[in-house]
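The values are calculated or read from the model by the stated rules, or taken from the named source; none is laboratory data. This one's a predicted model, so the numbers in the text were calculated from it and none came from an experiment. FYI the Cβ positions are ideal-geometry reconstructions off the backbone, even for glycines, and counts take in every protein chain you see. Quick note on the areas: whole protein, heavy atoms, side chains included, nothing else; ligands and nucleic acids left out. Shrake-Rupley method; radii C 1.70, N 1.55, O 1.52, S 1.80 Å.
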Amino acid sequence: MALKTAQDAASPAAAAPTPRVPGVLIRLTASVAGGLALYLAFPPIGLWFCAPVGVALLALALYGLRLRRAAWIGYAGALAFLLPTLAWVRPIGDDAWLALSGIESLFWAALACMAVLVMRLRLWPLWVACLWVVQEWARGLFPVGGFPWARLAFSQGESPYTGFAALGGAPLVSFTVALTGALLAALVTRRPLRWRGDRVLAGTLLAAIAVPVLGLVVPRPGDEDKTVRIGVIQGNVPGRGMDFLGDEPAVVLRNHADETHRMAEAVRAGRLQRPDIVVWPENSTDIDPYTSTYARQVIDSAAKDIGVPILVGAVAKIGTENRATRGVVWDPVTGPGAYYDKRRLVPFGEYTPMKDLFLALSSRAQLVGRQSVAGDKPGALRIGPVTIGTVECYEVAFDSTVRDAVLAGGTPLVVQTNNASYALTNLPPQQLAMSQLRAVEFNRAVVTAATTGISAYVGPDGRVGWHTGELVAAMNVLDVPVRTKNTVAAELGAWPEWIMVLMGAGATAAAICGRRRG
């Protein structure tokens, strides 16, 4: 009887099935938890330490998987992260929000497939971190000019990792956060857990601790004892969402002009210092001042009252069908002068990619109206006593665009932005975190002027020195440091990113070759 029982137990029919489903559910849960942890790291919540934890959970969810399963596990984690992080897109439409999140998650699915390959190599946390940079690099290029939002670096506006921006820009910050997360995952996957006898385990733990600590001691250029006094105007708008301009023309322009007159009155009364220059936001005039006599008179009156040049955000008509999103220097005596035309345009917001196709498919594409034309020169404008590096809204997410403004002589940086369609969403605080990172990356103070908020001042150390609320009119005069010394990141440009991209690609190729040989 005992013999029969043993034989039955050894037979295939009697063998217990492998519990594969619970394993998949655990991995899926870990992936989703990792995505949600990443979301918590981004503003407005801003728990920066959740970013490496999120990467660790995603890595653990993928460790040891086959390619096909890794793809959808990674995709699920991406959706858990991107759906709440990109919720600011919802005022445009839930379909646009879901489509953008779904498309961007495809890059994460590709990352997951490459990650499970390189996890079979030695030093795999290093290769996974490089691949994370590859994923963010690709998202910044494709499709339709790229969408470099929600990069790991942009969750680290003020954290131990921020200092790495001065060495290798946003890509190096993303790399170090991802490396810490991958090292944490390696601590869990390493077996047996012989804490005293396993030198590899001890080294991994030490590296996971050392990476953020090293970010705190990155050398940065010092102060140069030069300042410029900048007046910041936030005029507010009459409408909300996609109809932020309201029904009555010129209200947005009058709001910003009125706030400038209030600043001039405060200066005369001694409540504010006299500024050297004044900055208005992107789209601060809803009427083209080049073609409208009324708009020109309103801006002229404000400039003469405050007595200094104003950087005005305008939409200028070009021909009969095109336009430019423009920052123009408006002198109180000579009027409009030097200008910068936005180079990185918002797809479906400022222009329509594959215009004939999308206009036929969606009536919403008609809302773009005149098609914006991209500028071809870096954003460096002489205004008053300084040359400012001007960046328009969406452009602050693009490394090369901000760097071009710095190398062209821009100091400080000025971000003119219009967040009116996304007021009270998570976009304004996310954009402010980008300005914090750029300040450290390029050793430049950053002044943000927004139509509805958040207008702010960020010091070269990345700390926010002043900011407004949202959906209010506000103004202030700020003493802003002027720095001309460049960081290592500014001098090296995209080289650190390219090195990490090539390392990630090389590791993936080596893993594929080893898999074929095996």
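Taking the inverse of the mean 1/r over every pair of distinct Cα atoms in segment 404-518 gives a Kirkwood hydrodynamic radius of 16.4 Å.
Please work out whether segment 28-120 counts as rounded, prolate or oblate from its C-alpha gyration tensor, where a ≥ b ≥ c are the square roots of the eigenvalues and a/c under 1.5 means rounded, while otherwise a/b larger than b/c means prolate and anything else oblate? It comes out oblate by the Cα gyration axes.
Per residue, the chain exposes 43 Å² of solvent-accessible protein surface, assessed with a 1.4 angstrom probe and all protein chains in place.
Principal-axis analysis of the Cα atoms of the chain puts helix 495-517 at an angle of about 20° to the longest axis.
When the helices of the chain are scored as -39500 (n - 2.57) per DSSP H run of n ≥ 4 and the total is divided over every residue, the value at 222 nm lands at -15000 deg cm²/dmol.
Put a dot 7 Å past the Cα of residue 103, heading toward its Cβ, do the same for residue 224, and the two dots end up 4.0 nm apart.
Among DSSP beta bridges lying fully in the chain, give the percent that are antiparallel, nearest 5.
65 percent
Relative to the longest principal axis of the Cα atoms of the chain, the long axis of helix 251-268 lies at roughly 70 degrees. Can you tell me the orientation of helix 199-215 relative to the chain, as the angle in degrees between its alpha-carbon axis and the longest Cα principal axis, to the nearest 10? Between helix and principal axis, roughly 0 degrees. Here the Karplus curve 6.51 cos²θ - 1.76 cosθ + 1.60, taken at θ = phi - 60°, turns the phi angles of segment 128-139 into couplings of 4, 5, 5, 5, 4, 5, 4, 4, 5, 4, 5, 5 Hz, with x standing for Gly and Pro. For segment 452-469, the Karplus equation 6.51 cos²θ - 1.76 cosθ + 1.60, evaluated at θ = phi - 60°, returns couplings of 10, x, 9, 7, 7, 10, 10, x, x, 8, x, 8, 7, x, 6, 7, 9, x Hz by residue, with Gly and Pro reported as x. Label point 7 Å out from residue 240 along Cα-to-Cβ: which residues of segment 76-109 have amide N under 17 Å? Under 17 Å, as judged by backbone N against the label point of residue 240, lie 88-94 of segment 76-109. If you count the DSSP beta bridges with both ends in segment 218-349, what percent of them are antiparallel, to the nearest 5? DSSP beta bridges in segment 218-349 are roughly 75 percent antiparallel. Expressed as a whole number of Å, what is the distance separating the alpha-carbon centroids of segment 374-443 and segment 131-183? Each part reduced to its Cα centre gives a spacing of 18 Å.
For a test of the definition: using alpha carbon positions, the gyration tensor, and the 1.5 limit on a/c, classify segment 108-226 as rounded, prolate or oblate.
Because a/c hits 1.5 or more and a/b fails to exceed b/c, segment 108-226 counts as oblate.
In whole percent, how big is the carbon plus sulfur part of the accessible area of the chain, probe 1.4 Å, protein atoms only? The value for the chain is 61 percent carbon and sulfur by accessible area.
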